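The values are calculated or read from the model by the stated rules, or taken from the named source; none is laboratory data. Fair warning: this is a prediction, and the values are worked out from it, not measured in the lab. Don't worry about glycine lacking a Cβ; one is built from the backbone with ideal geometry, like all the others, and counts go over all protein chains shown.
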Amino acid sequence: MTNWKGRDLLGLRDLSRIEIDQVIACTLEYAKGDPQLNEYLLKGKTLLSAFFQPSTRTRLSHEAAMTQLGGRVIGFGDPKMTRAGDFYQESIRDTFGMLEHYADVIVMRHYERGAPHEAAKWSRVPIINAGDGWGEHPTQVLTDLSTVVSKKGAIDGLHFMLVGDGRMRTMHSICYALAKYEARVTFISPSELTIPSVDLDDIQALGGEVEFADDVHDVLPDADVIYMEPVVQADYSASRVERSGDVGITEEAYKINLAKLQKLAKPDAMVLHSLPRMDELATDVDSSKYAAYWDEAAMGVHLKKALLQLILTDGENR
Ligand code: CP
């Protein structure tokens, strides 16, 4: 059994298959369990949310998990109201060297790739990376893989079709994770949004193989997991991007709708999307047998409970 207590979760590149399996197993225990059983598990513990970029799901699912396990939550979702976001531009070093005194664990989202790794240098309490720029998004992908295992029983042997922006942090984390399994990965995006070579090199260094295709129509018949991200999306290296004017539309080659799934997909194929979505995933999929993204959203709370249990306790969950 791996000892998670007191550890940071900065990315999936550095986690072993055993460690990923352990988180998934703990998450699935929460998914099937009675929430009342764990309601005092983290009594007396405090989670601090430090979100330097907008979030709906990741921050609130961490906070929901902590409160449902009897813990407390403090933090901020708008860095403009902190000294890191005003005239002083307080450094990560000074900010996290101080925040460590306020909580037992810190969940952090930041627009700079590597910012959680920097924070972890200055914080003696564990840092959970909730998404860093175009870097990684480990909690999202652990949620996604837990959803896959809950529906398919395993990751080995599955064909993952990844569609969207290859700069995206979820794409990096899922490729790092899948490199540790016997899974087939096919990536589809416009050529200008392919996986950057620096990230592809890292994935390949872990033993991961990524095939490339041009159109979802070509891969759908063989895909077990259809993993969608927006093609039209915000710049994740910015602290905030307002919507203004025409945001563009996604080409048909990168879009999924119910008609395509019914015509081309395996009957038991599952569609995942970390959300928010743009026009790449049609709403007519939502109530179909293919849609697994609502289960994925619910799994997000179970995953955060598992992580907080592993990081803040000796492993017991009762
Ligand atoms: N999936 C995800 O990271 O969503 P949020 O940006 O709302 O946290």
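Matching residues to (1) in contact (Cβ under 8 Å) with a residue 24 or more places away in the chain; (2) under 17 Å from Asp314 (Cα atoms):
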| position | (1), (2) |
| --- | --- |
| Leu42 | yes, yes |
| Lys45 | yes, yes |
| Ser49 | yes, no |
| Thr58 | yes, no |
| Phe76 | yes, no |
| Ile106 | yes, no |
| Gly114 | no, no |
Unique residue being within 29 Å of His110 (Cβ to Cβ), in the same structural domain as Val285 (by TED's automatic domain parsing) and touching a Lys or Arg at 6+ places or on another chain (Cβ under 7 Å) when the list is Tyr227, Tyr254, Tyr236: Tyr236
Do we find a residue being in a helix (DSSP H, G or I) and away from the ligand (no atom under 16 Å from the Cβ) anywhere in segment 1-16? no
Under the condition of being within 16 Å of the ligand (Cβ to nearest atom), in a helix (DSSP H, G or I) and acidic (Asp, Glu), which residue from segment 273-300 is surrounded by the fewest Cβ atoms within 10 Å (Cβ to Cβ)? Asp295
Residues in segment 255-311 that are basic (Lys, Arg) and touching a residue at least 40 places away in the same chain (Cβ under 8 Å): how many? 5
With respect to Trp134, determine if the residue is under 13 Å from the mean Cα position of the chain (by Cα) and either closer than 16 Å to Ser49 by Cα or among the aromatic types (Phe, Trp, Tyr) (or both). yes
Specify which of the listed residues (Lys260, Lys304) is within 16 Å of the ligand (Cβ to nearest atom) and surrounded by 17 or more Cβ atoms within 10 Å (Cβ to Cβ). Lys304
Subset of segment 133-164, residues free of Cβ contacts under 8 Å to residues at least 40 places away in the same chain and among the acidic types (Asp, Glu), comes to Asp156
Across segment 177-199, what is the number of residues that are within 22 Å of Asp156 (Cβ to Cβ) and assigned to a helix (DSSP H, G or I)? 2
So which of Ser150, Ser146 is more than 25 Å from Leu264 (Cβ to Cβ) and not assigned by TED's automatic domain parsing to the domain that holds Arg93? Ser146
In segment 218-240, which residues are more than 20 Å from the chain's Cα centre (by Cα) and surrounded by 14 or more Cβ atoms within 10 Å (Cβ to Cβ)? Asp218, Val219, Leu220, Asp222, Ala223
